[in-house]
1. Which semi-axis lengths, in whole Å and largest first, follow from the square roots of five times the eigenvalues of the Cα gyration tensor of region 188-230?
2. Rounded to the nearest 500, what is the 222 nm mean residue ellipticity of the chain from helices alone, with -39500 (n - 2.57) per DSSP H run of 4+ residues and division by all residues?
3. Using the 10 angstrom Cβ neighbour count as an exposure proxy, how do 213, 291, 191 rank, fewest first?
4. Would you calculate the convex hull of the Cα atoms in region 64-138 and tell me its volume per residue in Å³?
5. Need one number: nm distance between label points at residue 120 and residue 250, each 7 Å from Cα along Cα→Cβ, rounded to one decimal.
6. Angle between the Cα long axis of helix 187-200 and the longest principal axis of the chain, 0 to 90 degrees, nearest 10?
7. List the relative contact order of the chain as a percent without decimals, with contacts defined as Cα pairs under 8 Å and 6+ residues apart.
8. List 305, 242 from most exposed to least, where exposure is judged by having the fewest other Cβ atoms within 10 Å.
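Where a number appears in this text, it was derived from the coordinates with a stated rule and is not lab data. Computed from a predicted structure; not experimentally measured. Glycine gets a Cβ as well: all are built from the backbone with ideal geometry, and neighbour counts include every protein chain shown.
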Amino acid sequence: MAVARCVESVVQSISRATFGLAFAVVLSPSFLQTGGGSCSGDTTLSALAFEVSGQDLLSFSAGQRNYEVTTDDDTAVVRVQATDPSARITYQWSEYGSLVAEGPIGIGGGETTISVPPGEGTLGVTVLSSGGSVGHYTIDVCRCATVLYDRTDSTRMTPFPDDFWVYPDPTQPSGYRVLLTPPPREPDVGVLYAALMGPTNVLDGFSPIGGIVIELSDAPDATSLPLTPAASIDPSATLGLFDLTPGSATFGQRVPFQLTPISRTLPGQTTNHSLVLFPSISLLPTGRYAVVLTKFAHATDLRPFHPSPFMTSVLGPPAPGEASEISRSRRCR
């Protein structure tokens with residue numbers, strides 16, 4: 001049994017549902033360039049960056065004026081460069097349609113540091129050309145609870161299982177085999193990982209009755225989650241285990257499970273928050289399944305869970321120079 005995360009197939013399978021996926025990108029209405037009268041000039045940007053801890057969360061494209069980012073940090077550096085060196089650039093921060101803060105960035109370009117409060121907001125960048133034309137760029141920002149998923153981080157094994165570790169192997173009955181790589185850890189811990197992973201790496205899939213683990217950035221509100229088998233198959237359940245086995249009589253349907261939210265703190269470490277679910281029925285040995293968490297699941301402070309930046313990249317189109325882990329996670333067998 002291989003647990004697949006084929007997002008495209010999941011979306012097709014549950015297209016009749018009315019909830020948004022925590023692993024999906026929600027696009028905002030476009031703010032288009034405006035002008036009037038005798039106004040003229042170039043209002044485009046040649047560069048736009050939204051940096052958190054030195055990492056740019058945007059994939060800037062000259063023809064794109066609307067973006068979306070997710071961050072855990074409370075500050076960000078916005079860097080811009082106008083095509084028109086004389087253009088005046090300002091920023092506006094709005095929450096739920098109301099202007100909260102605004103200020104200048106510079107003439108022709110510049111940078112500014114903004115505060116990012118918990119929740120969702122929109123950063124607007126306005127470009128006033130030397131000829132009087134006005135253009136707008138928007139960045140929808142969510143400092144929100146996050147599903148921790150980043151295969152470029154070799155120290156993180158969750159979510160688990162994951163078809164990321166399944167490779168073709170014609171010698172196996174299923175045509176595939178599991179190949180786990182121990183994360184870089186202290187030598188004694190590395191030995192333990194290797195001992196645990198060794199037996200797994202001779203298998204052609206994951207256990208049909210084993211637990212499925214999802215790690216979260218914040219403690220979940222248990223009342224927003226389906227904790228029982230009966231609740232897990234409700235069409236409105238915020239977390240679902242779906243059958244994606246080709247030709248299955250239950251293709252696209254929910255599979256019942258028991259869910260346990262776990263938050264624990266180990267000595268000298270931060271608190272870890274996880275969801276552990278066990279299928280209530282044995283999954284098909286050659287089946288494919290997907291776990292989907294929607295944005296209606298939320299943390300104890302009511303912030304909804306959003307996709308990680310890595311997952312957002314996986315859901316987006318291929319980008320030049322993207323990490324191989326993104327490409328591999330995007331592929332659908």
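1. 30, 17, 7
2. -3000 deg cm²/dmol
3. In increasing order of surrounding Cβ atoms, one gets 191, 213, 291.
4. Details: hull volume 6.7 nm³, N = 75.
Each residue corresponds to 89 Å³ of Cα convex hull volume.
5. 3.3
6. 60
7. Working: 730 pairs, mean separation 72.2, N = 333.
Relative contact order of the chain: 22 percent.
8. Numbers: 305 28, 242 21.
Exposure proxy ranking, most exposed first: 242, 305.
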